[in-house]
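Okay, structure first, notes after.
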Amino acid sequence: MKAEALAAALREFVPSIFRCRREDVVVVGEGEWSELPTEIPNLGPIREEASRIVKELDEVLKHSNWRPDRGPPPSPDTGHWTLGSVEQRAPARKIHLGYLEPVRLFPVVERVPDPVRAFLTQIPGWDDYLKRENHPGVGWHYHYLADLRKRSDVLLAWDTRWQAPPAPLKNRLPPLHPLFGEKHGEGKADVRAKPWLWGDKKKESMYGVCAPDLRKWKIHEFRCASSQADPVWPSGAKVTPIPAPVSPPARKPREKDRRR
């Protein structure tokens, strides 16, 4: 079947961070600081070829009137599906009892048609390649490393929808932009972290090495924490809910012209 051949070609061609060999971690020296890279990886050739195969697969499925054996999985969000991913890593930063490594992910194919997504998700192993995005774009986040050789299943991300309250009263410190932690890639990480055991000293240390980035890059350049993420610092923070879509105002029916 041509669709199966195209899916096999995608599997061989599209990179996935879970199937790539990880390079040795580079660490910022004590007392030093490394800014996040501003350039982005050149995905042109990979993205163009992968997008071409996805488009051809979509046409084949439509032409053969293919239908999935089961319905699409329920999803509470209104995002779209992406295919594959390439990561860009910055030097890790030392924190209290561990390290944080800034990572930015780039999808190979930014939007996958629903028929293609349904076809691929019925093939075992494609969970490494397909990911649902809750919001457009990708951004910087932080991987927690228990040591320099092992990446954990916990990432840290800012609440990019957070809005600072009105100016604080005199002699009061401004509120902190909330930082959150969440599980990521369970079963594929080197070790499983236990964030519920982290103390305030460790959490503040994490916040301290991430916070300077907020003064150098715009908030939309960061990945937003998911709604299920737990607060890192401040400890009582909650992720700002996704705004509900605003429906356009209903148009009033036009009165019929009265004829005398």
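What tally of residues in the range 38-68 results from selecting those that are assigned to a loop (DSSP other than H, G, I, E, B) and within 29 Å of the chain's Cα centre (by Cα)?
So the count comes out to 7.
Cβ-Cβ under 7 Å, sequence separation 6+ or interchain: first residue in the range 5-21 and surrounded by 11 or more Cβ atoms within 10 Å (Cβ to Cβ), partner among the aromatic types (Phe, Trp, Tyr) and modelled with pLDDT under 90. Which pairs?
Val14/Tyr129; Ser16/Tyr129
Are any residues in the range 138-164 without any contact (Cβ under 8 Å) to a residue 60 or more places away in the chain and farther than 21 Å from Ser85 by Cα, and if so, which ones?
Ala146, Asp147, Ala164
Pull up the range 178-220, narrow it to residues that are of a type in the set (Lys, Arg) and in a helix (DSSP H, G or I), then point me to the one that is surrounded by the fewest Cβ atoms within 10 Å (Cβ to Cβ).
Among those residues, the one meeting the criterion is Arg215.
The values are calculated or read from the model by the stated rules, or taken from the named source; none is laboratory data. As the structure is a prediction and not an experimental result, all values here were calculated from the model. Cβ sites come from the backbone with ideal geometry, for glycine too, and all protein chains shown count toward neighbours.
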